[in-house]
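Take this structure first; my questions come after.
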Amino acid sequence: MLVLVTYDVVTKTAAGRKRLRKVAKTCENYGVRVQNSVFECIVDATQFKQLQLALAEIINQQEDSLRFYQLGKNYKMKVEHIGAKETINVEDTLIL
């Protein structure tokens, strides 16, 4: 299924900036960054739960927030892109 992960991490302190980097790194393990704080992740139910738990452990729940949008398996009909950034096929193999 495709899951859209968005986050907002307060970065006024060094600890906040560290949390932001950790959240981004964790999301990179599951998907592709499509905007600054937005990732598209192709995951199964177990991976989705692991991602949620991992991110919940990183953030400060008093200051930061996470949002998960489950777009399901038929997401290609639900995602539309307009604008400058090139569209990324999240199912393609990533070469780093």
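State the number of residues belonging to the stretch 15-65 that are acidic (Asp, Glu), outside any helix (DSSP H, G or I), open to solvent by 70 Å² or more (accessible area, probe 1.4 Å) and closer than 19 Å to Leu2 by Cβ.
1
Report, ordered by the first and then the second residue, all pairs with beta carbons closer than 8 Å, sequence separation of six or more or different chains, a first member in the stretch 26-45 that is more than 14 Å from Val79 (Cα to Cα), and a second member that is open to solvent by less than 30 Å² (accessible area, probe 1.4 Å) and assigned to a loop (DSSP other than H, G, I, E, B).
Every condition considered, the pairs that remain are Tyr30/Val43; Gly31/Val43; Gly31/Val90; Val32/Val90; Ser37/Val9.
The values are calculated or read from the model by the stated rules, or taken from the named source; none is laboratory data. Here the structure is a predicted model, which means the values were calculated and not measured. Cβ atoms come from the backbone with ideal geometry, glycine included; neighbour counts cover every protein chain shown. Protein only, heavy atoms only, side chains kept; ligands, DNA and RNA dropped before computing areas. Shrake-Rupley method; radii C 1.70, N 1.55, O 1.52, S 1.80 Å.
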